[in-house]
Amino acid sequence: MKVLIIKTSSLGDVIHTLPALSDAVNAIPNITFDWVVEESFQDVPRLHPGVNKIIPVSIRLWRKNPFKHRAAIRACIKDIRQQNYDVVIDAQGLIKSALLTRFARGKRFGLNKDSCREPLASLAYQEKIMVPKGQHAITRVRQLFAKSLGYNLSDKALSYGLKQEDFPIPDSLTPPYLVFLHATTWASKHWPNEYWRELILLAVKKGFNVYLPWGNETEKERANMLASVSDKSHVLPRSTIKELAAVLMHAKGVVGVDSGLAHLTAACSTPAVTLYGATSAVLTGTMGLNNANLQADFPCSPCLSVQCQYKQHSAVTPACYEALPAALVWQELQALML
């Protein structure tokens, strides 16, 4: 069976789709997948052994000036239409993904209007699947695949399909080590720098090296500042998704804020603590073995605001992280690493 997946973004959402592939591979002999995904996230589907072909798109770039990029858009549509598929699954449920689904050759499956994030997207599908809202995103996409492909999900354990033997430990790293994922897009999701420094010192005192990844110059500057507290704290070179997966796969433990790399850590089954203040772990939190989500117990958490809106006095910013000090986070991580 040949299946085309439409799931273009974001990093965390693409990672959320991997367990559904594992379910299908275990349930249906000889099933293979092609995947339409944003070019910047194409390394994620490549991590899964069930994926045959990647069809990269650049919707975020194209929609700024479709006329300028018309040749690239035509080439992408041609690529999508080259293969006849047994099943085409829109795993995103947005108008942009539904439009891509319409170009594919094969029976189109997607969420119905009551399940989609954008109800108009359901008009693109020949088979409209009801998947109740109010469930974790990973659970919903697993149900969508099971109903689209016709297998029973009840006996399937969560698996992202990543195996440690496929990701050799980088020679440049010195075990035992921890990884601290300090970077995220929203200012309200940044755990305070003073807490990161305290956590690094706690880790170093217990004999761990600490590695700090980054993705842009602002994040690199923060990583350098945090690493300066100890000669056993190191800034990683800029890395691809696959390179970071290898780093995370062999770490003794990871602490991160709500970010795509926290979801990648969950996919690696590495002991990890993920911190939630402005956002909620209920529907889109990290999910995996040896994984703990800490939600700030604070009056306005989760606020879902990009910037902290708390107006009263607080010891740190964002204020909700008062409820998640370094000592508590370290205690939770140690319990997972036992």
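Of all residues being farther than 22 Å from Ile77 by Cα and either in contact with an Asp or Glu (Cβ under 9 Å, 6 or more places away or on another chain) or without any contact (Cβ under 8 Å) to a residue 24 or more places away in the chain (or both) in the range 38-60, which is surrounded by the most Cβ atoms within 10 Å (Cβ to Cβ)? Just the residue, please.
Residues of the range 38-60 that are farther than 22 Å from Ile77 by Cα, as a first pass: 47-50.
Next cut, either in contact with an Asp or Glu (Cβ under 9 Å, 6 or more places away or on another chain) or without any contact (Cβ under 8 Å) to a residue 24 or more places away in the chain (or both) only: 47, 49.
On the way: Leu47: 21, Pro49: 13.
For the range 38-60, the residue satisfying everything is Leu47.
Mind listing whichever residues of the range 282-302 are over 13 Å from the mean Cα position of the chain (by Cα) and under 25 Å from Thr317 (Cβ atoms)?
Val282, Ala292, Asn293, Leu294, Gln295, Ala296, Asp297, Phe298, Pro299, Cys300, Ser301, Pro302, listed by residue number.
Pull up the range 185-196, narrow it to residues that are polar (S, T, N, Q) and under 15 Å from Tyr321 (Cα atoms), then point me to the one that is surrounded by the fewest Cβ atoms within 10 Å (Cβ to Cβ).
Asn193
Just the residues that are hydroxyl-bearing (Ser, Thr, Tyr) and free of Cβ contacts under 8 Å to residues at least 40 places away in the same chain, please, taken from the range 129-161.
Scanning the range 129-161 gives Thr139, Ser154.
Looking only at the range 326-338, decide whether some residue is assigned to a loop (DSSP other than H, G, I, E, B), modelled with pLDDT of 95 or more and of a type outside the set (Ser, Thr, Tyr).
Checked the range 326-338: no residue is assigned to a loop (DSSP other than H, G, I, E, B), modelled with pLDDT of 95 or more and of a type outside the set (Ser, Thr, Tyr).
Just to be sure I understand, how many residues within the range 92-123 are assigned to a helix (DSSP H, G or I) and crowded, with 21+ Cβ neighbours inside 10 Å?
Summing the residues that are assigned to a helix (DSSP H, G or I) and crowded, with 21+ Cβ neighbours inside 10 Å in the range 92-123 gives 5.
So, in the range 293-322, of the ones that are buried (at least 17 other Cβ atoms within 10 Å of the Cβ) and small (Gly, Ala, Ser), which residue ends up farthest from Leu162 (Cα to Cα)?
Ala319
Spot the failing condition for Trp35; the list is (1) in a strand (DSSP E or B); (2) surrounded by fewer than 17 Cβ atoms within 10 Å (Cβ to Cβ), and only one is missed.
(2)
Answer yes or no: is there a residue in the range 202-214 that is within 21 Å of Ala266 (Cα to Cα), in the same structural domain as Thr274 (by TED's automatic domain parsing) and either of a type in the set (Val, Ile, Thr) or modelled with pLDDT under 95 (or both).
Looking through the range 202-214, at least one residue is within 21 Å of Ala266 (Cα to Cα), in the same structural domain as Thr274 (by TED's automatic domain parsing) and either of a type in the set (Val, Ile, Thr) or modelled with pLDDT under 95 (or both).
Could you tell me whether the range 139-157 includes any residue that is over 30 Å from Val210 (Cβ atoms), assigned by TED's automatic domain parsing to the domain that holds Trp62 and either assigned to a strand (DSSP E or B) or in contact with a Ser or Thr (Cβ under 7 Å, 6 or more places away or on another chain) (or both)?
yes
Given Gly260, Gly256, Gly288, which one is out of contact with any His (no Cβ under 9 Å at 6 or more places or on another chain) and either in the same structural domain as Thr17 (by TED's automatic domain parsing) or closer than 26 Å to Tyr177 by Cα (or both)?
Numbers: Gly256 fails: out of contact with any His (no Cβ under 9 Å at 6 or more places or on another chain); Gly288 fails: out of contact with any His (no Cβ under 9 Å at 6 or more places or on another chain).
One residue alone meets the criteria, Gly260.
Please name all residue pairs, on different chains or six or more residues apart, with Cβ atoms under 6 Å, provided the first residue is in the range 271-297 and is charged (D, E, K, R) and the second residue is surrounded by fewer than 23 Cβ atoms within 10 Å (Cβ to Cβ).
So the pair list comes out as Asp297/Ala323.
The values are calculated or read from the model by the stated rules, or taken from the named source; none is laboratory data. It should be emphasised that the depicted structure is a prediction, and the values quoted were computed from it without experimental measurement. Cβ atoms come from the backbone with ideal geometry, glycine included; neighbour counts cover every protein chain shown.
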